[in-house]
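The values are calculated or read from the model by the stated rules, or taken from the named source; none is laboratory data. Since this is a predicted model, take the numbers as computed values, not measurements. Glycine also receives a Cβ, built like all others from the backbone with ideal geometry; neighbour counts cover every protein chain displayed.
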Amino acid sequence: MTSRMFNKGCGSIAVHVCGDDVRLLQLSRDHNRVIDAARGEIPAGDDRPAAIAEAIRGARNGRRFRGRKAVICLGAEQLHLQNVRIPKGERVDTATLVVQEAASRIPFPVEEVELRHLDAADVRVSDNMLREIIVIACHKPRMEDLLSAAEQGGLNPIAVETEPGALLRNLNRQFRRGEDRQGRVLIVHIGPTATAVMIAQDTQPLFVKYTALGGESLNQVVAKRLDVSAQRAAQLRRSADDDLAETIHESTRSLMEQLAAELELCVRYHSVTFRGRPLERLLLCGPEASAGLLDSLAARLELPGALSDPFARIADAPHAVCGGQWDVATGLAQHEATAP
């Protein structure tokens, strides 16, 4: 059997760089079965693309991944997100107005940026109807570094996806019922370096932003409190006994309060800007998601909450892994890109 025939039943390999790790995941072509999933540790060093490439090679070595086609994820490390408003009308040049609005708000020269935009919804300001637009900007050198790393790691990138886009695809896989998909949901993905906050209805994002709080911030405050390294703090946060767990909880309380306050601002922005439908639930995902944190945030925001289960409806999911670590990779692996 030829390699081409053997690979017909497989999707592309999802590549998600997540802090100091890279996660690879491949699903069957129908997205109903895991072909393989692996994680590689990114070694420390000044040449991050080379380190990512080394981690990819290590994660693929001896595994069951088929082919080399890959979908690459752009996340907090590469993206700048911004909501802008432009006039609504048939003769409006949306692309030009988006560039004009974004130029003064993104931290890079426009000519160095790959710019995309998503229509969110119509909003009324005084007597004027405007269009709320989500601007997604990526500094081209950062994207090129990531693509180069994937190629050095032996992969053939055929598509680039944003982290929020992958999360939304993953959500819609989990919640297929009509009543679920019509409701508006607050998606909170707590990663190593940042938290992605998204408000969406079905496949339509209304609001997306990153806030600079993640697992590394939590590790730092625990390390300071216990006088240990950040790496040791991360280990203790995952496996501390009851006595130490209370100390860890107290040391991270202020950061969790900051996150809750930030989420309240996002909910308030939604209620003022996108009237008509209230938020119906909170979906918590990412490596830092936990039942305890979900209960705390759901109570604070007065929303029903659920933990994401990225492998819901997917067979042969990897065992003994935290599901939240694979939310983005699972969404990436369901990307429908095909190579020529």
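Quick one: how many residues across segment 176-211 are in a loop (DSSP other than H, G, I, E, B) and either within 12 Å of the chain's Cα centre (by Cα) or modelled with pLDDT of 90 or more (or both)?
The number of residues fulfilling the criteria is 4.
Could you please find all residues in segment 230-255 being out of contact with any helix residue (DSSP H, G or I) (no Cβ under 7 Å at 6 or more places or on another chain) and under 18 Å from ALA299 (Cα atoms)?
Result: HIS249, ARG253, SER254.
Can you tell me which of ALA55, ALA59, ALA38, ALA76 is in contact with a strand residue (DSSP E or B) (Cβ under 6 Å, 6 or more places away or on another chain) and within 14 Å of VAL328 (Cβ to Cβ)?
Being in contact with a strand residue (DSSP E or B) (Cβ under 6 Å, 6 or more places away or on another chain) and within 14 Å of VAL328 (Cβ to Cβ) holds for just one of ALA55, ALA59, ALA38, ALA76, which is ALA76.
Of (1) within 18 Å of LEU79 (Cα to Cα); (2) out of contact with any helix residue (DSSP H, G or I) (no Cβ under 8 Å at 6 or more places or on another chain), GLY191 satisfies all except one. Which?
All conditions are met except number (2).
What are the residue pairs meeting all of these: first residue in segment 84-102, first residue under 16 Å from ASP122 (Cα atoms), second residue among the acidic types (Asp, Glu) and modelled with pLDDT of 80 or more, Cβ atoms under 6 Å, and 6 or more apart or on different chains?
Once the first residue is under 16 Å from ASP122 (Cα atoms) and sits in segment 84-102, its partners that are among the acidic types (Asp, Glu) and modelled with pLDDT of 80 or more give VAL84/GLU101; ARG85/GLU132.
Name, by its number, the condition in (1) under 16 Å from the mean Cα position of the chain (by Cα); (2) in a strand (DSSP E or B) that does not hold for ALA166.
(2)
Could you identify the single residue in ARG68, ARG39, ARG4 that is farther than 24 Å from GLY286 by Cβ and at pLDDT 90 or above?
Just a single option satisfies the conditions, and that option is ARG68.
Regarding GLY305, is this residue small (Gly, Ala, Ser) and on the phi > 0 side of the Ramachandran plot?
So GLY305 fails the test.
Could you tell me which of the residues ALA233, ALA299 is more than 30 Å from ARG85 (Cβ to Cβ) and surrounded by 19 or more Cβ atoms within 10 Å (Cβ to Cβ)?
Being more than 30 Å from ARG85 (Cβ to Cβ) and surrounded by 19 or more Cβ atoms within 10 Å (Cβ to Cβ) holds for just one of ALA233, ALA299, which is ALA233.
Out of the residues in segment 118-150 that are free of Cβ contacts under 8 Å to residues at least 40 places away in the same chain and closer than 30 Å to ILE56 by Cα, state the one that is surrounded by the fewest Cβ atoms within 10 Å (Cβ to Cβ).
That would be PRO141.
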